[in-house]
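Student: My structure is below; once you've seen it, I'll send some questions.
The values are calculated or read from the model by the stated rules, or taken from the named source; none is laboratory data. Quantities reported herein were computed from a predicted structural model and do not represent experimental measurements. Cβ sites come from the backbone with ideal geometry, for glycine too, and all protein chains shown count toward neighbours. Surface areas here come from the heavy atoms of the whole protein model, side chains and all, with no ligands, DNA or RNA. Shrake-Rupley method; radii C 1.70, N 1.55, O 1.52, S 1.80 Å.
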Amino acid sequence: MSTDICKMYDFTGKSIVITGAGGVLGGEMARTLYECGANVTILDYNLTAAQNMADQIRQTPGTGKSLAIQANVLQPEVVKAAMDQVITEFGQIDGLINAAGGNKPDASTSAEKSFFDLSVDAMRWVFDLNLLGTIIPSQIVGRHMAERKQGVILNVSSMNAYRPLTRIPAYSAAKAGASNFTQWLAVHMAQEYSPKIRVNAIAPGFFLTEQNRFLLTAEETGELSARGKRIMDHTPMGRFGTPEDLNGAVLWLLSPASAFVTGIIVPIDGGFSAYSGV
Ligand code: NAD
């Protein structure tokens, strides 16, 4: 039995597409899956970032292949062409990770910018990227999975989907939407197409990356901002997450080890959500 469980983390011959994998967290997921034998597709609208990541991944030990594709997750016809390319290259798509996402300063309140003055365009950008940017690839790959009657989708939500964080109303609402959509799609795929199509999400807590560096550290010194310090005070484990911290949950949710798990959102937050502050 234990041997069978170990084999479940062998992704040899599996084809996994990771959107936003030119970035920090998606890139780490791609690297880990590659090291576990998968053929990984790094899909990102930043082609240079995607190619660099695919090149880096090829330097690590792995038996699969890594493919870089430029695509904007908000353009259905472009995503469709990208997925067709993956199917031509690898034969099928077994897993999709929707990691493209992010926030921007113009959609965040600050001492200089009140909620009342937030730009509608900036908020729309955040909604589109985090919500439609999850839904559109799921529609396109979901159809392929429905035809094959199997597959796994993993969305990247956030801890702020459970309880909104101050300053980032659009990002919090968009990620709450992504969590809600995860549960909706899990039910829909299982009932309408196949119980072997599973849809889950991870909810990372605080990981210091380019999208939130402006909120968590002081630009001039690189030291923790007041917000960064408050987060640390409320994280029982006393540190930010590292990209590697996501790997266990990612492998579990993409593998048959979680065969009876669908529609869940797994917090990976160093205990932040469990701590009342007292
Ligand atoms: P990142 O900025 O390093 O990576 C995001 C990648 O997405 C970038 O390479 C970017 O080019 C790509 N991208 C952006 N818009 C795109 C589009 N329209 N089409 C295709 N690609 C696009 O960010 P990250 O920190 O690695 O975040 C990855 C995911 O994790 C995001 O969904 C983010 O919201 C989520 N998340 C991050 C944290 C954190 O603390 N960093 C916490 C919770 C959730």
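Student: Nearest 500 deg cm²/dmol is fine: what mean residue ellipticity at 222 nm does the chain get from its DSSP H runs of n ≥ 4 alone, each adding -39,500 (n - 2.57), divided by its residue count?
Tutor: -12500 deg cm²/dmol
Student: As an exercise, take the mean of 1/r over every pair of distinct alpha carbons in the stretch 32-89, invert it, and state the Kirkwood radius in angstroms.
Tutor: 11.6 Å
Student: Given that compact globular proteins tend to follow 2.2 N^0.38 Å, what is the ratio of the alpha-carbon Rg of the stretch 159-278 to that value?
Tutor: 1.20
Student: Could you please put Phe206, Phe127 in sequence from largest to smallest accessible area, using a 1.4 Å probe?
Tutor: Output order, biggest surface exposure first: Phe127, Phe206.
Student: Something else about it: Highest GNM mean-square fluctuation, the chain, Cα pairs closer than 10 Å: which of Leu67, Leu224, Leu43?
Tutor: Leu224
Student: Compute the signed sum of charges (Lys and Arg +1, Asp and Glu -1) over the other residues within less than 13 Å, Cβ to Cβ, of Asn72.
Tutor: Charge balance near Asn72 sits at -2.
Student: Next up: Over 31 Å apart: what share of the alpha carbon pairs of the chain falls there, rounded to a whole percent?
Tutor: Result for the distance tail: 25 percent.
Student: How long are the semi-axes of the ellipsoid equivalent to the stretch 174-233, from square roots of 5 times the Cα gyration tensor eigenvalues, in whole Å, largest first?
Tutor: 38, 9, 9
Student: Please give the solvent-accessible surface of Ser276 in Å², to the nearest 10, using a probe radius of 1.4 Å with every protein chain present.
Tutor: Answer for Ser276: close to 90 Å² accessible.
Student: A further question on this structure: Filter the chymotrypsin sites (Phe, Trp or Tyr not before Pro) in the stretch 212-278 down to the DSSP loop ones having no more than 15 other Cβ atoms within 10 Å, then list what survives.
Tutor: Those that pass, being in a loop and sparsely packed, are Phe260, Tyr275.
Student: Over the stretch 63-137, what portion of Cα pair distances is larger than 21 Å, expressed as a whole percent?
Tutor: Value for the stretch 63-137: 42 percent of Cα pairs lie more than 21 Å apart.
Student: Express in Å², to the nearest 10, the accessible area of Glu210 obtained by rolling a 1.4 Å probe over the protein heavy atoms while all chains stay in place.
Tutor: 130 Å²
Student: Where does each of Thr12, Thr60 land when they are ordered by accessible area, with a 1.4 Å probe and the largest first?
Tutor: Thr12, Thr60
Student: Could you give the spread of the C-alpha atoms of the stretch 107-172 along their three principal axes, from largest to smallest, in whole angstroms?
Tutor: Per principal axis, max minus min of the Cα coordinates gives 52, 23, 10 Å.
Student: Quote the FRET efficiency, to the nearest 0.05, computed for Ser273 versus Gln56 with a Förster distance R0 of 35 Å and r equal to the Cβ-Cβ distance.
Tutor: 0.65
Student: Could you work out which residue, out of Ala122, Ala178, Ala161, moves most in a Gaussian network model of the chain, that is, has the largest mean-square fluctuation with Cα springs under 10 Å?
Tutor: Judging by the Gaussian network model, the answer is Ala122.
Student: Under 5 Å between amide hydrogens, which residues at least 5 positions from Leu67 or on another chain qualify, with H placed 1.01 Å from N in the peptide plane?
Tutor: Those qualifying (amide H under 5 Å, at least 5 residues apart or on another chain) are Val40, Thr41, Ile42.
Student: Moving to a separate point now. Using only the heavy atoms of the protein chains and a 1.4 Å probe, how would Val278, Val79 rank by accessible area, largest first?
Tutor: The ordering from most to least exposed comes out as Val278, Val79.
Student: Out of all Cα-Cα pairs in the stretch 1-159, roughly what percent, to the nearest whole number, are more than 18 Å apart?
Tutor: 60 percent
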